[in-house]
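**Q** Below are the structure tokens for one structure; questions will follow.
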């Protein structure tokens, strides 16, 4: 019982972090049709900006200012890079963001070096939030879950219940009409792209504390972000949330299960002798397969439901 509850809590916390990572990418794709290959690099910028700002102003100021700076960088990328490529289709956009990811990685290494930086938890977020049986649940994980839920609620309300959100959605489907009503559609797209990057920056501020803040951190999460977006459905914020929670809980349970096919067969009496070859597939445990499980699920989704769980666009 304790294992199940703790794994569920840890998986939910990890899943909500994945949602923070993927929500910005989902937003930019659903509103603009831009699949940003440099999204994980904006997440990395959020962590490094927060580290630099926390040294001077403290963590709480960094939590607010770092995503704003990341959003400004994203808006500049759209204004001076992507805007001129929109009319040529998605391939030039993908190539630009793909190259941008390498440039951003080099910028980080030039400024902060190749070694991890000492970005640590503030004192206010250290300690135990509550106990589950004999296990402590950290304050920071609870705080991270709260931020993720607040971000999801604020984004949904802004897009569906405000005039700005309605203009943004109308600009995607009827840009000429929105332009005729006096709205600056290119500026709307710039703000949307900047907002998507700022959401990645929020994830970076918190993710940099969970994981190591280093130049390779973007590569570590880049793949899983696209897995979440594709499984949830390209353009679906709700799908991204469901896919994030599903993958987080799946990996949280799988990573602590040491069962293999051979051990299950022996327990059922179908295998009498141990498998001598340590490299045999029968000896591969579920914990060893845990990093691969999201990609196996991705393959199944692409085979049986190419649009994803709640997708509105083809993958």
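Here, each number is a calculation from the coordinates, and none is a lab measurement. A quick note: this is a predicted structure, and the numbers were derived from the prediction, not measured. Counting neighbours? That spans all protein chains shown, and the Cβs are built from the backbone with ideal geometry, glycine included.
**Q** Which of the three applies to the stretch 46-115, rounded, prolate or oblate, going by the alpha-carbon gyration tensor with a ≥ b ≥ c and a/c under 1.5 meaning rounded?
**A** The shape class here is oblate.
**Q** Answer rounded, prolate or oblate for the stretch 1-67, using the Cα gyration tensor with square roots of eigenvalues a ≥ b ≥ c: rounded when a/c is under 1.5, else prolate when a/b is larger than b/c, else oblate.
**A** Note, shape of the stretch 1-67 comes out oblate.
**Q** Got a sec? How would 111, 6 order by Cβ neighbour count within 10 Å, fewest to most?
**A** 111, 6
**Q** Could you please state, rounded to a whole Å, how far the C-alpha centre of the stretch 71-88 is from the C-alpha centre of the stretch 169-200?
**A** So the separation of the two Cα centres works out to 12 Å.
**Q** Among 83, 307, 114, 163, which comes first, second and so on when ranked by fewest other beta-carbon atoms within 10 Å?
**A** Result, fewest neighbours first: 163, 114, 83, 307.
**Q** To continue, here is another question. Okay, helix-only estimate at 222 nm for the chain: each DSSP H run of n ≥ 4 adds -39500 (n - 2.57), divide by all residues, round to 500 deg cm²/dmol; what do you get? Don't skip to the answer; put the middle values down first.
**A** Details: 13 runs with 214 residues, N = 315.
So the calculated ellipticity at 222 nm is -22500 deg cm²/dmol.
**Q** Here's something else I'd like to know. What does the C-alpha gyration tensor say about the overall shape of the chain? Classify as rounded when a/c is under 1.5, otherwise prolate if a/b is larger than b/c, or oblate.
**A** prolate
**Q** Express the relative contact order of the stretch 81-235 as a whole percentage, based on alpha carbon pairs under 8 Å and six or more residues apart in sequence.
**A** Result for the stretch 81-235 is 25 percent.
**Q** Sticking with this structure for a sec: Cut-off is 10 Å between beta-carbons; in what order do 224, 231, 303 appear when sorted fewest neighbours first?
**A** Ranking 224, 231, 303 by Cβ neighbours within 10 Å, fewest first, gives 303, 224, 231.
**Q** Picking from 209, 72, 95, which is most flexible by a Gaussian network model of the chain using Cα springs under 10 Å?
**A** Of the options given, 95 has the highest mean-square fluctuation.
**Q** If contacts are Cα pairs under 8 angstrom and at least 6 residues apart, what is the relative contact order of the chain in percent?
**A** RCO, the chain: 32 percent.
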